[in-house]
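Engineer: Next up is a structure, given as structure tokens.
Taken together, the values in this text are just the output of simple stated rules run on the coordinates, not laboratory data. Keep in mind that this is a model prediction, so the values were computed, not measured. All Cβ positions, even for glycine, are placed from backbone atoms using ideal geometry, and neighbour counts span all protein chains on display.
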Amino acid sequence: DVQPGSMCQPCSSSSTDPGSPKALPSYCCWPGVYCCSEDISSFVEQNHSSGCWADTPAAVHSLAMRGWNLTGSFSKPVMDSWALLSQHGLHSLDLSSNAITGSIPRSIGRLKRMRSLNLNLNRLTGPLPEEMSELATLEHFYASFNSLSTPPGSTQPLAGRFCKYSTTRLYSLILRANSFTGTVNMSHCEGLGLLDVQDNRFYGHLPIGITNQGLISLRATNNMFNTSIPEALWRLPQLATLEMANNACVLLSALRHAATGNGTPAVEKNAVVADSVKGCCCSAISPNAQRVRRFCDSTYNQP
């Protein structure tokens, strides 16, 4: 007999859809588990249960285990379980603010339907595996405040990891405060909107280009980027936040009236440009911005 409160006891669906079942398997009511038939309008990152099907109302689409004091590493049984869930619709996994150790395993590539993966604030080490590229539907990846690093013998820790199957799918890439070194180029991820690589040891050219037309925010403070800010950056129509303090930037490219594709100046006369070997501090108005929103940190970069 099923006792009251048993984890085997069916739970009531919270869905407002009249076609959804009224009872679900017990796991749909477990803390942090979100099934397809549930109303998840308030769930962070997800406004709809994409990846679910009408005939699988009990499929798990999201696991939210933020701040659960989880320890240990990504063991094979855990990855096998998530891979199985992924086959049936799991597309959001939040493991942030725990104490997970070890590396991100190559088997991460088996989570084929993953759209949002949050590993912020753990104790992860080692490189991002090349199998990250197999997450063809990935839209948001967060791995800030870990100790992820560049593979031995490599100078391009993110090369081949993202946007292999789609150049427009990935929107958020947040890698602040890790131990990455080398160069980074995300110009092929044309759908990128938010890029944060602060507090690493990246160097060389800035990680974006004219192809990143949807870029809204680039945060790259506390690195070793050592080239001038290119004029192409000011042609990005959506760019509203650029933070570049504490790098090794050299003299800025001459910037007068960088034209957009239709000849309209992207940076008007009220732009502030500081050409100095001691810093790369700029502020400007994006064509579609209502006002300047901290385009550049006012702190000079290091010479």
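Engineer: When the Cα atoms of the range 126-226 are enclosed in a convex hull and the volume is divided per residue, what value in Å³ results?
Structural biologist: 82 Å³
Engineer: Going by average Cβ density within 10 Å per residue, which order do the peptides 148-155, 88-95, 188-195, 75-82 take, highest to lowest?
Structural biologist: Ranking the peptides 148-155, 88-95, 188-195, 75-82 by packing returns 88-95, 188-195, 148-155, 75-82.
Engineer: Sort largest first and round to whole Å: the equivalent ellipsoid semi-axes of the range 148-189, each the square root of five times a Cα gyration tensor eigenvalue.
Structural biologist: 20, 12, 8
Engineer: Report the paramagnetic label zone for Ser154: residues of the range 67-81 whose backbone N is under 20 Å from a point 7 Å from Cα along the Cα-to-Cβ axis.
Structural biologist: Taking a point 7 Å out along Cα→Cβ of Ser154, the residues of the range 67-81 whose backbone N falls under 20 Å are 74.
Engineer: Label Thr101 and Tyr165 with points 7 Å out from Cα along Cα→Cβ: what is the distance between them in nm?
Structural biologist: Here the modelled spin labels are 3.4 nm apart.
Engineer: Moving on. Test of understanding: extend the Cα→C-beta vector of Trp68 to 7 Å, then name every residue of the range 129-144 with backbone N under 20 Å from that spot.
Structural biologist: 141-144
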